[in-house]
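One structure is given below, encoded as C-alpha cells.
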C-alpha cells in the first residue's frame, strides 16, 4: 500500500483523484479550505496503458506533475515505491488520499448469458451495465441461434468476465445446464492474463449451482452469488454487481499493464469509470429526491444513466452503454443508424447527403480533430442530437420495471410482456445532466441546452445542466470514502445549471392555436409558449425561483396532466427558460433547414455565440 492511507473523512484535507481513460488520464485535486470542499486544480496527460509504454502509472505521474506545478503543492517525491508525499504539518505539502477510476483498455467488457431473453438475460444485462461494464454480447436459450452460432460468437468476444444466469429459484435446471455446456464448448479466453481461468459469475437458479460449478470447473473460476431473478416479479442485482466489481479488481485491473502498481497507491479499489458516474448520479437523485437522466457522450460510446421511481415509488437506477454511438471513432455508425435525413434535419443550412457523409467520414479517420468552422460545429452538434436520441431509445428498452407479485395462473408464464413497463417517463423527468466534450465544452451553454432538448425530445418542465469539466467519475469514487464532501463539490464545482426547458404536449388540432401556456416566475408573468415556436425567456443567470406553467387549453399537458398548472422550484441559469412549442414527436415540417434556422436565430445561435 502507498503512503497516502488516510480514509477517515474527518482527517482528509487534500485528495488526489484520477480517471484513467482510454486516451487521457485526468487528475483532479480536491481540497478542504475554510471548512468547505472544492475542486481546486486539474492536470491531464496521455494514458500510457498501451505499447510502447504499457504502464498506466507513467501517464498518471505525468498528470500528477501538472497538478503539482499548477497548485504549488508538493505531491510527488523521488525514488521508487509510493510516489506521494504525506500531508503533515505543512498544508502545502502532500496529499491525504489517492483514488482512481479507469476505463482504459476498452473498460470492463462482459458476456452475459441466460435462458429467456426478456427475463433472466435482461436482468443479467442490467446487473452488468450497472456495475460499469460494456456488454459485448447477450446469449439466451431463446435467442433464435443454433448452438454452433452461439459457440462461434462466444469465442469471438473474448470477455473479461462472464455473468451467467437462468431460471427462477426452484425452477427447471435443464436449460441452465445446457448453457453451461455451451460455454464449455466455446471455451473463451479472458482478454488479459493468458494463464488465468476465465472469471464466471453464476447468478441463476440456485438448484443448478452445483451442476454449473462442476461443468465449468476445468475452464473457469466460478463464483456463485444470489439469483438476479429469484422470482419472476423480483430482481436482485446487488450481489452480482458486487461480484463483478471484485473480479474487475482481481482479474482485470491486476493483470492490466501497470495497474497492479497503481492499485498499491490507494487503499480503495479502482472503480470502473461508468460505475463511479452511476454512483454520483444515484447520490444526487437521492439527496434531491428527483428523477434524473444523465448522459456521457464520448468519441466511441454514449452512456445513459437514469433514476426513476417504479410504481411503488422506489427509485430505480439504470445504466446503458451504446458502444457504437459516439462523436469521433463511432461517428459513421451514428450516420448509418440514424440516416443522413435525420442528421440533416437539425442543421440550419442545406447540406447534400454526399457532403454530409464525406464530412463525417473525415471526422472518423481524424477522430481528435475539432470543428474549424460554424458549419463543422453545427454538423457535430446535429450528430450529437441523433446519438442522444438513439441512445435514449436503447436505454428505455432496458430500463424496465417489473410488476409486483400477484396471483398467477399457468397462462401468465406466457404473458411476461404484460408485467413489464417503461421506467423512463419524460413528463416526470426533473433533471437532465449532460457530460462529454460536445456538451460540456460547447461554445455556448445554449447550444448544449438545445442539443439536450432536441436530442432527448424532452417533454413537460425539465431542468437542464452540464458537468463542467467531466469530474463525475472522480466524485463517484470519492463518494465511496467521503459522500458529503463529494456531494458538496458536485453541487458547487461540477454541476452547472444552464436553465429550464418547457415543452407542452398537445393534440395535433392545436398546432395552429397560437399560445399554449403561460410561464410565470416567482408570481410574475415571464412569457408564453406558442405552438410550433421556440423562444428563450430571460431570467436571472443564477439562484433559485418558483416556476409555474399554466396551460391555456384543457388538452395541453405541461407535466401535471391535461389542463392542469405545473409548479416547482428550479435553479436558474444563463439560458433562462427555453420554451419549445413543437409537439412531441416533432412534425416533419418543423424539422428542416429553414425552420431550424429560425430556431437558431430565436436563441441567438446563428453566430455561434451565447444567445
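Select from the stretch 207-230 the residues that are in contact with a strand residue (DSSP E or B) (Cβ under 8 Å, 6 or more places away or on another chain) and free of Cβ contacts under 8 Å to residues at least 24 places away in the same chain and write down the one among them that is farthest from residue 161 (Cα to Cα). My answer is 209.
Any chance the stretch 146-163 includes a residue that's over 27 Å from the mean Cα position of the chain (by Cα), crowded, with 17+ Cβ neighbours inside 10 Å and in a loop (DSSP other than H, G, I, E, B)?
Our first condition is that a residue be over 27 Å from the mean Cα position of the chain (by Cα); within the stretch 146-163, this holds for 146-152, 155.
So of that shortlist, the ones also crowded, with 17+ Cβ neighbours inside 10 Å come out as 150-151.
Right, trim to in a loop (DSSP other than H, G, I, E, B) and you get none.
Within the stretch 146-163 (the criterion being over 27 Å from the mean Cα position of the chain (by Cα), crowded, with 17+ Cβ neighbours inside 10 Å and in a loop (DSSP other than H, G, I, E, B)), the answer is no, since none of the residues qualifies.
The listed residues are 564, 595, and the only one of them that is farther than 29 Å from residue 353 by Cβ and out of contact with any strand residue (DSSP E or B) (no Cβ under 6 Å at 6 or more places or on another chain) turns out to be 564.
Scan the stretch 46-70 for residues that are assigned to a strand (DSSP E or B) and surrounded by 21 or more Cβ atoms within 10 Å (Cβ to Cβ) and jot them down.
Within the stretch 46-70, the first condition is being assigned to a strand (DSSP E or B), and the residues that meet it are 46.
None; the set is empty.
Candidates are the residues of the stretch 508-519 that are more than 13 Å from residue 552 (Cα to Cα) and touching a residue at least 24 places away in the same chain (Cβ under 8 Å); the one that is surrounded by the most Cβ atoms within 10 Å (Cβ to Cβ) is 511.
Taking the residues in the stretch 313-332 that are farther than 19 Å from residue 133 by Cβ and touching a strand residue (DSSP E or B) at 6+ places or on another chain (Cβ under 9 Å) as candidates, determine which candidate is surrounded by the most Cβ atoms within 10 Å (Cβ to Cβ). Top of the filtered list is 327.
The single condition among (1) surrounded by fewer than 19 Cβ atoms within 10 Å (Cβ to Cβ); (2) in contact with a helix residue (DSSP H, G or I) (Cβ under 7 Å, 6 or more places away or on another chain); (3) in contact (Cβ under 8 Å) with a residue 12 or more places away in the chain that residue 256 does not satisfy is (1). A single member of 97, 108 is crowded, with 23+ Cβ neighbours inside 10 Å, touching a strand residue (DSSP E or B) at 6+ places or on another chain (Cβ under 7 Å), touching a residue at least 40 places away in the same chain (Cβ under 8 Å) and farther than 22 Å from residue 221 by Cβ, and it is 97. So, of the residues in the stretch 216-249 that are part of a helix (DSSP H, G or I) and surrounded by fewer than 20 Cβ atoms within 10 Å (Cβ to Cβ), which turns out to be modelled with the highest pLDDT? This residue is 239.
The single condition among (1) surrounded by fewer than 20 Cβ atoms within 10 Å (Cβ to Cβ); (2) in contact with a helix residue (DSSP H, G or I) (Cβ under 9 Å, 6 or more places away or on another chain); (3) under 30 Å from residue 245 (Cα atoms); (4) modelled with pLDDT of 95 or more that residue 477 does not satisfy is (1). When residue 388 is tested against (1) in contact with a helix residue (DSSP H, G or I) (Cβ under 6 Å, 6 or more places away or on another chain); (2) at pLDDT 90 or above; (3) exposed (fewer than 15 other Cβ atoms within 10 Å of the Cβ), exactly one condition is not met: (3). Out of the residues in the stretch 190-206 that are out of contact with any strand residue (DSSP E or B) (no Cβ under 7 Å at 6 or more places or on another chain) and farther than 17 Å from residue 116 by Cα, which is surrounded by the fewest Cβ atoms within 10 Å (Cβ to Cβ)? Across the stretch 190-206, the extreme among qualifying residues is 195. Kindly indicate the residue of the stretch 391-426 that is at pLDDT 80 or above and part of a loop (DSSP other than H, G, I, E, B) and also farthest from residue 290 (Cα to Cα) among those meeting that condition. Per the criteria, the residue is 399.
Among the residues in the stretch 134-141, are any within 21 Å of residue 209 (Cα to Cα) and either out of contact with any strand residue (DSSP E or B) (no Cβ under 6 Å at 6 or more places or on another chain) or in a loop (DSSP other than H, G, I, E, B) (or both)?
Yes: the stretch 134-141 contains one or more residues that are within 21 Å of residue 209 (Cα to Cα) and either out of contact with any strand residue (DSSP E or B) (no Cβ under 6 Å at 6 or more places or on another chain) or in a loop (DSSP other than H, G, I, E, B) (or both).
Restricting attention to the stretch 471-525 and to residues that are in a loop (DSSP other than H, G, I, E, B) and under 30 Å from residue 283 (Cβ atoms), the residue that is nearest to the chain's Cα centre (by Cα) turns out to be 471. The set of residues in the stretch 176-192 being without any contact (Cβ under 8 Å) to a residue 40 or more places away in the chain and outside any helix (DSSP H, G or I) consists of 187, 189. Within the bounds of the stretch 444-453, is there any residue that is touching a helix residue (DSSP H, G or I) at 6+ places or on another chain (Cβ under 6 Å), surrounded by fewer than 24 Cβ atoms within 10 Å (Cβ to Cβ) and part of a loop (DSSP other than H, G, I, E, B)? So far as the stretch 444-453 goes, no, none of its residues is touching a helix residue (DSSP H, G or I) at 6+ places or on another chain (Cβ under 6 Å), surrounded by fewer than 24 Cβ atoms within 10 Å (Cβ to Cβ) and part of a loop (DSSP other than H, G, I, E, B).
Taking the condition surrounded by 17 or more Cβ atoms within 10 Å (Cβ to Cβ), in a strand (DSSP E or B) and more than 29 Å from the chain's Cα centre (by Cα), does residue 570 pass? Before you say what the answer is, go through the steps one by one.
Working: surrounded by 17 or more Cβ atoms within 10 Å (Cβ to Cβ): yes; in a strand (DSSP E or B): yes; more than 29 Å from the chain's Cα centre (by Cα): no.
So residue 570 does not fit the description; no.
The values are calculated or read from the model by the stated rules, or taken from the named source; none is laboratory data. Fair warning: this is a prediction, and the values are worked out from it, not measured in the lab. We place every Cβ from the backbone using ideal geometry, glycine too, and count neighbours over all the protein chains shown.
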